[in-house]
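Trainee: There's a structure below that I have some questions on.
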Amino acid sequence: MQDFKDNLRDYTKIYNNVLDLETCDKIMQEEDLTFYPATTNGLVHEHRKCLIKKLNDKHNESVKESIEKIKNKYLKEHPHLISGFKNKDTGYDHLLYRSSANEEYKEHVDNISDQKRILSCSIILNDNYKGGHFYFFNKKWVLAAKKGSAIVFPSNFMFPHSVAPVTEGDRHSIVTWIY
């Protein structure tokens, strides 16, 4: 019989040094940093206050390689998640949370009906800001990741999470979902 984890925290991981720091800086220093209000189901909502843009294509390959490493590490630790797994991701969005607007993402889950997401992945591009921590389970558990690291967890209803308001500086990250 397979040995399953018995604590939901066991399924929430931080992987350090998954994206090199130079690439993180290059992404944040792009000439075209035109962001748009983030939406949920095509609509802007008060619970999701941040900006978004598609990652510049020139960074896709290095991010894709990082996502592949992350996915392999996670699946090695949790091999039972492979069922229903298509081994694809949704592409890469660059998120910006600005302290000047006290931006945050209130508690939510990443499961959506039109695409069965298996894993959620957020790569942190910088760590020179205050606030902006990942909270899980009604703010009972907090994760603070360093620049170049990734937070990975199942996308289902068992993992409600939020991004705390950014209170100083700006928080940059890349998000994708693996299905």
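The values are calculated or read from the model by the stated rules, or taken from the named source; none is laboratory data. Values in this document were obtained by computation on a predicted structure and should not be read as measured data. Please note: Cβ atoms are built from the backbone with ideal geometry, for glycine as well, and neighbour counts cover all protein chains shown. For the accessible areas, the whole protein counts, side chains as well, though only heavy atoms, and no ligand, DNA or RNA atoms are used. Shrake-Rupley method; radii C 1.70, N 1.55, O 1.52, S 1.80 Å.
Trainee: Output the 0 to 90 degree angle, nearest 10, between the alpha-carbon long axis of helix 60-77 and the longest principal axis computed from the alpha carbons of the chain.
Mentor: 30
Trainee: Select from the range 89-134 those trypsin sites (Lys or Arg not before Pro) which occupy a DSSP coil region and have at most 16 other Cβ atoms within 10 Å, ordered by residue number.
Mentor: Sites meeting the loop and neighbour criteria: Lys116.
Trainee: Using a probe radius of 1.4 Å on heavy atoms only, what accessible surface per residue do you get for the chain? Whole Å² is fine.
Mentor: 55
Trainee: What is the range 27-133 by shape, rounded, prolate or oblate, if you read a ≥ b ≥ c off the alpha carbon gyration tensor as root eigenvalues and call it rounded for a/c under 1.5, prolate for a/b larger than b/c, and oblate otherwise?
Mentor: In terms of gyration-tensor shape, prolate.
Trainee: Evaluate E = 1/(1 + (r/R0)^6) for Glu68 and Asn138, where r is the Cβ-Cβ distance and R0 equals 25 Å; express this FRET efficiency to the nearest 0.05.
Mentor: Once rounded, the FRET efficiency stands at 0.15.
Trainee: Quick one: what are the phi-derived ³J(HN,Hα) couplings along the range 158-170, Karplus 6.51/-1.76/1.60 with θ = phi - 60°, whole Hz, x for glycine and proline?
Mentor: Ordered by residue, 3J(HN,Hα) equals 7, 10, x, 8, 8, 10, 5, x, 7, 9, 8, x, 10 Hz.
Trainee: Same structure, new question: Answer rounded, prolate or oblate for the range 104-179, using the Cα gyration tensor with square roots of eigenvalues a ≥ b ≥ c: rounded when a/c is under 1.5, else prolate when a/b is larger than b/c, else oblate.
Mentor: prolate
Trainee: Calculate what fraction, in whole %, of the accessible area of the chain sits on carbon and sulfur atoms when a 1.4 Å probe is rolled over the protein chains.
Mentor: Roughly 48 percent of what the probe reaches on the chain is carbon or sulfur.
Trainee: Could you check the simple spin-label distance between Lys130 and His47, using points 7 Å along Cα→Cβ, in nm with one decimal?
Mentor: 2.9
Trainee: I would also like to ask the following. Straight-line reach from Lys69: which lysines fall under 25 Å, measuring Cα to Cα and dropping same-chain residues less than 8 apart?
Mentor: Lys5, Lys13, Lys26, Lys53, Lys54, Lys58, Lys86, Lys88, Lys116, Lys146, Lys147
Trainee: Moving on to the next point. How large is the dipole of the range 36-148 about the Cα centre if only Lys and Arg carry +1 and Asp and Glu carry -1, each at its Cβ, rounded to the nearest 20 debye?
Mentor: Taking the Cα centre of the range 36-148 as origin, the dipole is about 200 debye.
Trainee: Please label the shape of the range 1-63 as rounded, prolate or oblate, based on the square roots a ≥ b ≥ c of the eigenvalues of the alpha-carbon gyration tensor (a/c under 1.5 means rounded; beyond that, a/b larger than b/c means prolate, else oblate).
Mentor: Verdict is oblate for the range 1-63.
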